[in-house]
Amino acid sequence: MIRRRELAFGIVAIVILAAYASLASRVAPVLIPPANPTPTPTRPIARVEAPQVNGTLAFAIRGDVYVLSGGGYVPATSEGRSQQPTLSSDGRTLAFARVEEIDGKRTVDGQVVSAQLRFSDVVTKNARGGVETILINGLTKVATGFHQVTWYDGPALSPDAKRIAVVADAGDGASDLAVFDAQTGKRMATLSQGSNLADPAWSPDGKTIVVTSYTLGSPRLLLVPADGRPSTPVKTSADGEPYRPAYSPDGAWIVYTLRHDGKNDIHAVQVTGGKDVALTGDGKSWNGVFSPDGKQLAFLREQSGVIDLYFMDLGDALSGGSPRNATKLTRGEGIDGTSRPAWGM
């Protein structure tokens, strides 16, 4: 007979497994690796030659942020705990989230117990290298004298680099959108209360932030005015679940990932008019971002169990034509599939 203690541990394990499965379905695309995945090469520690692209790209490889420009990419971090990079429009300022962990206390069923507490800081630095600055600290002291941990995710620099939008989760079940001063780290506005938002991206005029909303369960895209006015949904006509949106440089289009039938493809929808265009059709592409001139698209693609960064010329795809063939930028080092790339001048 199974003892009560063993049964209790089994129930707890099932609950934890279910929670992780739910989180994975929200933040990552549905990918099924092959039975014998390709071995992951060593994470680059020096410059890697790559095809030439206009401007600067930032992306994450297994816990570190890399910057690609001038025909090669180099690591911008080295501690293995950084993710979700964002670049200023001019490509000079890099920001990202860094995961931290401390020994702490947590209240469980009315009792205070020891626990490993995880949080994340938002860090900034020059995209060409140099000193890092913790802009937003995920470990803060509250009025009671104790410290509170907050998970900051998806930092997004505004077009003028004066503000940074982040999703803040203080462990209360909500992931709310907040805007901070990009120089001082002071909170300027909280744009949602009790919501479940992700993936913020600014409009070129700095007046609107597009996000993925999970507040109603299934993902949908929302336009959130930066001045606090009510948000409005983005109308997409493609059949599936939209997530991870980003604006085109002219503000006329929003590129997003469509999850459909267990696959992921990149679409673009007109902000006004609602025209929806499929930009990939392989079922293994996601996290698209426009180039600064709007003529190209960078995105992630999985092949044979390995995720790489790609780019392609859009050509006349948004006006009825077809995009050009995609070019692989990285070499199978294990791109972080949950981190959207960023593209600046």
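The values are calculated or read from the model by the stated rules, or taken from the named source; none is laboratory data. Keep in mind it's a predicted model, so treat the numbers as computed, not measured. Neighbour counts are summed over all protein chains in view; Cβ atoms, including those assigned to glycine, are modelled from backbone coordinates with ideal geometry.
Key figures
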quantity: Search result, residues across the range 280-308 that are in a loop (DSSP other than H, G, I, E, B), of a type outside the set (Gly, Ala, Ser) and surrounded by fewer than 21 Cβ atoms within 10 Å (Cβ to Cβ); calculated: Asp282, Pro292, Asp293, Lys295
quantity: Extreme residue, farthest from Leu139 (Cα to Cα), among residues of the range 154-173 that are without any contact (Cβ under 8 Å) to a residue 24 or more places away in the chain and outside any strand (DSSP E or B); calculated: Lys162
quantity: Matching entry among Thr124, Thr144 (being outside any strand (DSSP E or B) and of a type in the set (Ser, Thr, Tyr)); calculated: Thr144
quantity: Residue among Thr38, Thr77 that is of a type in the set (Val, Ile, Thr), at pLDDT 95 or above, in contact with a strand residue (DSSP E or B) (Cβ under 6 Å, 6 or more places away or on another chain) and part of a loop (DSSP other than H, G, I, E, B); calculated: Thr77
quantity: Residue satisfying all of: in the range 309-345; under 30 Å from Val99 (Cβ atoms) and of a type in the set (S, T, N, Q); surrounded by the fewest Cβ atoms within 10 Å (Cβ to Cβ) among these; calculated: Thr338
quantity: Out of Ala165, Ala115, Ala189, sole residue that is buried (at least 22 other Cβ atoms within 10 Å of the Cβ) and of a type in the set (Gly, Ala, Ser); calculated: Ala165
quantity: Ala178 part of a strand (DSSP E or B) and in contact with a strand residue (DSSP E or B) (Cβ under 6 Å, 6 or more places away or on another chain); calculated: yes
quantity: Qualifying residue in the range 184-201 (condition: assigned to a strand (DSSP E or B), out of contact with any Ser or Thr (no Cβ under 9 Å at 6 or more places or on another chain) and over 25 Å from Leu223 (Cα atoms)); calculated: no
quantity: Count of residues meeting criterion [without any contact (Cβ under 8 Å) to a residue 24 or more places away in the chain and surrounded by fewer than 19 Cβ atoms within 10 Å (Cβ to Cβ)] in the range 246-266; calculated: 3
quantity: Conditions (1) out of contact with any Phe, Trp or Tyr (no Cβ under 7 Å at 6 or more places or on another chain); (2) on the phi > 0 side of the Ramachandran plot; (3) modelled with pLDDT of 95 or more; number of the one not met by Leu177; calculated: (2)
quantity: Enumeration of residues in the range 51-72 that are within 18 Å of Gly334 (Cβ to Cβ) and of a type in the set (Val, Ile, Thr); calculated: Ile61, Val65, Val67
quantity: Enumeration of residues in the range 71-93 that are free of Cβ contacts under 8 Å to residues at least 60 places away in the same chain and buried (at least 18 other Cβ atoms within 10 Å of the Cβ); calculated: Pro75, Ala76, Thr77, Ser82
